[in-house]
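Below is one structure, written out as structure tokens, with a few remarks after it.
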Amino acid sequence: MKNLSLLVLGLIVGFCSAALGIGGGVIMISALIFFFNYKIKRTIGTSLATIVPTTFIGIISHYIIKSGNIKFLIALFIVMGSIIGAKFGAELANKMSGKLLTKLFASLLFFVGLKLTGIINFPTEAVSNTSTYPLLIILGLIAGSASALFGIGGGVIMVPVLNLFFGLSIHEAVATSLTVTLPTTLAGAIFHKKFGNIDTEAMKFLIPTALIGAVFGAVAANNLPATTLQILFGVFMILCSIRIFMHEE
């Protein structure tokens, strides 16, 4: 029963990863905590390791469907910061208490959800000149740290920030975020492996169906209206944050 549940979880994670550009870690962490009784640190490492191949397939699918949605130059500057941030986040996660990690994670999701649903609004600025590139590196540092700290891939930060602050459409933000997620989560997974936070047995069941889900998720993302995709993402973040915040490890 556990193995079947992991297969289903992988499918859902893969779909949401490519559809929302979030890496799928939000769903995986929630499920592993609630339904499989994983401790937060082991959940983070396993999530990151599973996200790596899933995002790879998602990126390829997005590129085939509409390559123009992936802004490679923007992704490059974000990655410059995210790799460094991933190392810092992994080390910090290993030192922090599981309870504090869980509460911080829930708070992050709640704030992101409020932004995406429009409850909190910020002015946007299109990425059109070199003056914005240092800001992208800073975004990478923050997203990379959050990725390794919470096991989320960093997309929950990058998608709304690219959409709300840098003027990318939601479809461009999703595809570009997913592109950044690959090297970011790979770095985070490597650092977490050093701390023994990865369940390789669970990954054998999570990864195969996650890859399938990623293909369908990329197709869905490019066919859903931008507003619908943004609101769905925001509501999902808020619901996840409330559920996780109420959970006691």
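No lab work stands behind these numbers, since they all come straight from the coordinates. Predicted, not measured: the structure shown is a model, and the values here were computed from it. Using ideal geometry, Cβ is built from the backbone for each residue, glycine included, and neighbour counts are taken over all protein chains shown.
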Worksheet entry | Under 17 Å from the residue 120 label point (7 Å along Cα→beta-carbon), backbone N, the stretch 160-193 | 160-166
Response to the item:
Note: the chain, point scatterers on Cα, Debye, no solvent; log10 I/I(0) at q = 0.09, 0.14 Å⁻¹ equals -0.32, -0.81
Response to the item:
quick shape note, the stretch 142-190: Cα extents on principal axes in Å, largest first -> 32, 15, 11
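When averaged across all projection directions, what area in nm² does the alpha-carbon convex hull of the stretch 46-105 cover? Mind showing how you got there, number by number?
Numbers: hull surface 21.2 nm².
With the hull built on Cα positions only, its mean projection is 5.3 nm².
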Worksheet item: How would you order 55-64, 194-203 from highest to lowest mean count of nearby Cβ atoms within 10 Å?
Response: 55-64, 194-203
Worksheet entry | Candidate lysines - alpha carbon under 27 Å from residue 193, same-chain residues fewer than 8 apart omitted | 2, 39, 41, 87, 95, 99, 103, 204
Response to the item:
Exposure proxy check on 112, 156, 52, 180: fewest-to-most Cβ neighbours within 10 Å is 52, 112, 156, 180
